[in-house]
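The values are calculated or read from the model by the stated rules, or taken from the named source; none is laboratory data. Worth saying up front: this structure is predicted, and the values here are computed from it rather than measured. Note: ideal-geometry Cβ built from the backbone for every residue, glycine included; neighbour counts use all protein chains shown.
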Amino acid sequence: MHLRPSKTALLTLTATILATPLLLRASDWPQFRGPDGSGISTEDKAPPLTWSDTENLAWKTPLPGPGNSSPIVAGNRVFITCYSGYGVDRSDPGDITELKRHLLCIDSKSGEKIWEKTVDAEMPEDEYRGFITEHGYASSTPVTDGERVYVFFGKTGVLAFDFKTGKRLWQTNVGKESGNRRWGSAASPILYKDMVIVNSAEESQSIRALNKETGEEVWSAEAASMELVYNTPAVVSLKGGRDDLVLAVPNEVWGLNPENGKLRWFAEMTPDGNISPSVVVGEDAVVYVTGGYRNKGSIAVRAGGKGDVTQSHVVWTSNESSYVPTPVLHEGHLYWVNERGRGHCLDAESGELVYQESITGNLASGAKSRGVYASATLVDGKLIVPSRISGTFIIDASPEFNQIAQNRFTSDDSEFNGTPAITDGRLYLRSNKFLYCIE
């Protein structure tokens, strides 16, 4: 492993970085998997757990195109990304030069569009073939600090828009390469202090930090071993005020200094190939990683330390894994429904498998692709798990498997690949055709 921090970036790194302005409410859902990236809603008021075209549907808003990204919510606004112009129809992809991405700002109460911004894709772009047909060109979830909305559009770069007006504020290129599979981008940007941090492994085999206000590069850490790294990194706070930026790569977990991108520690692990599920942060600075292709598995590592911490900081390893969805950690257990529709529960302290049960309800019947891509969202002790074509499943977050409901919008035959957002007693769910509000 050879991380190469940018010399120019280190020179431009300011001595002190101001904290993020407190512009968001505690109930907001401002990034992928919620305010702390855990996928857990802590609201007292939970949304309904059953819905349909005629039950508990507050509104649905047509989208200009498909996408696997998730909605985010801040104040009375919902933000969602889509793509159009190319790769919408599997049988007739069209002209790649017509590819566009969209960022929509929608009123959370009425579903009315407040503003929409369209961005032309910069070429070269990966062709719509192979595995990219499973997720397309809008798989990264936006993030907001209440002043700006930040999006990651792969080879087109990272962009910032004004929260209120949608005015484009800056656009920064983070690479125009392609991984050896040419699968496109998937990781979502996160915010740390005055930086936007992006896993741009697919574009440049790097992870980068940009200044939130200007888009200028603060640091860049590059490594050839970042091939096929699709997960969203996480920040872990340690005793003594130190933060570690944790990223999973094939066969290793890395802990970086989020201030400059330098590698602090690493731990070896079994999962290799493409690593898609995001890092999960638990108590006592333990992080959980799952994924892999041929050599699959999961690992729990205590963040912190220096250098190779494989022998000193690995808590447990397991052969159980999730290929795409990210687990939820709840009351000492890790829960996920994998891409084949099998519910998993692992003991977070030991890594032992508590249960593995198949979801019922004709999951992925007739589908050409995997049954579940979205990560579960937890609210009021229940897991909300959208499947791609068979509706959304409600499961008890309990060591005893209990499937409660299966909810469908029968009028929508498109795929549901985004992770739900929850705030103010509402659940926001996207498909390739609509954004739904359930209340």
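When ASN251 is tested against (1) in contact with a helix residue (DSSP H, G or I) (Cβ under 7 Å, 6 or more places away or on another chain); (2) more than 12 Å from ASN199 (Cβ to Cβ), exactly one condition is not met: (1). Under the condition of being in a loop (DSSP other than H, G, I, E, B) and closer than 26 Å to GLY34 by Cβ, the residues counted in the stretch 229-244 number 8.
Just for strands (runs of 3 or more DSSP E) wholly inside the stretch 21-134: which have at least 1 residues that are touching a helix residue (DSSP H, G or I) at 6+ places or on another chain (Cβ under 7 Å) and farther than 30 Å from LYS193 by Cα?
Working: elements: 57-62, 72-74, 77-84, 100-107, 113-120.
In the stretch 21-134, there are no strands (runs of 3 or more DSSP E) which contain 1 or more residues that are touching a helix residue (DSSP H, G or I) at 6+ places or on another chain (Cβ under 7 Å) and farther than 30 Å from LYS193 by Cα.
Going by the structure shown, is LEU228 crowded, with 18+ Cβ neighbours inside 10 Å and over 27 Å from HIS330 (Cα atoms)?
Numbers: crowded, with 18+ Cβ neighbours inside 10 Å: yes; over 27 Å from HIS330 (Cα atoms): yes.
For LEU228, the condition - crowded, with 18+ Cβ neighbours inside 10 Å and over 27 Å from HIS330 (Cα atoms) - is met.
In the stretch 356-374 there is at least one residue matching the filter, namely being at pLDDT 95 or above and closer than 25 Å to ASN68 by Cα. If you go through the stretch 262-289 and pick out every residue that is within 18 Å of ILE40 (Cα to Cα) and assigned to a strand (DSSP E or B), you end up with 6.
Have a look at VAL337, VAL301, VAL289 and point out the one that is more than 20 Å from VAL229 (Cα to Cα) and either crowded, with 19+ Cβ neighbours inside 10 Å or not aliphatic (A, V, I, L, M) (or both).
On the way: VAL301 fails: more than 20 Å from VAL229 (Cα to Cα); VAL289 fails: more than 20 Å from VAL229 (Cα to Cα).
Exactly one of VAL337, VAL301, VAL289 is more than 20 Å from VAL229 (Cα to Cα) and either crowded, with 19+ Cβ neighbours inside 10 Å or not aliphatic (A, V, I, L, M) (or both), namely VAL337.
From GLY241, GLY273, GLY255, grab the single residue that is on the phi > 0 side of the Ramachandran plot and either buried (at least 19 other Cβ atoms within 10 Å of the Cβ) or over 19 Å from the mean Cα position of the chain (by Cα) (or both). Let's see the steps before the verdict.
On the way: GLY273 fails: either buried (at least 19 other Cβ atoms within 10 Å of the Cβ) or over 19 Å from the mean Cα position of the chain (by Cα) (or both); GLY255 fails: on the phi > 0 side of the Ramachandran plot.
GLY241 is the lone residue from the list that is on the phi > 0 side of the Ramachandran plot and either buried (at least 19 other Cβ atoms within 10 Å of the Cβ) or over 19 Å from the mean Cα position of the chain (by Cα) (or both).
Within 30 Å of PRO93 (Cα to Cα), in contact (Cβ under 8 Å) with a residue 24 or more places away in the chain, buried (at least 21 other Cβ atoms within 10 Å of the Cβ) and of a type outside the set (Val, Ile, Thr): is that true of SER188 in this structure?
Working: within 30 Å of PRO93 (Cα to Cα): yes; in contact (Cβ under 8 Å) with a residue 24 or more places away in the chain: yes; buried (at least 21 other Cβ atoms within 10 Å of the Cβ): yes; of a type outside the set (Val, Ile, Thr): yes.
Yes, satisfied.
Contact annotation: no residue pair with Cβ atoms under 6 Å, 6 or more positions apart or on different chains, pairs a residue in the stretch 218-241 that is within 14 Å of THR290 (Cα to Cα) and without any contact (Cβ under 8 Å) to a residue 60 or more places away in the chain with a partner that is in a loop (DSSP other than H, G, I, E, B) and among the β-branched types (Val, Ile, Thr).
As a summary of the residue check, ALA397 satisfies the conditions (1) under 21 Å from the mean Cα position of the chain (by Cα); (2) of a type in the set (Gly, Ala, Ser); (3) on the phi > 0 side of the Ramachandran plot except for the one numbered (3). Against the numbered list (1) in contact with a Gly (Cβ under 6 Å, 6 or more places away or on another chain); (2) surrounded by fewer than 22 Cβ atoms within 10 Å (Cβ to Cβ); (3) under 27 Å from VAL236 (Cα atoms), GLN171 comes up short only at (3). Beta carbons closer than 9 Å, at least 6 apart along the sequence or on distinct chains, pair a first residue in the stretch 59-77 that is farther than 20 Å from PHE163 by Cα with a second that is modelled with pLDDT under 95 and among the aromatic types (Phe, Trp, Tyr) for ASN68/TYR373.
Here is the figure for the stretch 303-356: residues that are within 23 Å of LEU256 (Cα to Cα) and in contact with an Asp or Glu (Cβ under 7 Å, 6 or more places away or on another chain) total 3.
Restricting attention to the stretch 102-119, the residues being in contact with a Lys or Arg (Cβ under 9 Å, 6 or more places away or on another chain) and under 12 Å from LEU63 (Cα atoms) number 6.
Every residue in the stretch 128-163 that is surrounded by fewer than 15 Cβ atoms within 10 Å (Cβ to Cβ) and touching a Phe, Trp or Tyr at 6+ places or on another chain (Cβ under 9 Å), please. If the condition is that a residue be surrounded by fewer than 15 Cβ atoms within 10 Å (Cβ to Cβ) and touching a Phe, Trp or Tyr at 6+ places or on another chain (Cβ under 9 Å), then GLY130, PHE131 are the ones that fit. Residues of the stretch 42-64 include at least one that is in contact with a strand residue (DSSP E or B) (Cβ under 8 Å, 6 or more places away or on another chain) and closer than 17 Å to PHE153 by Cβ.
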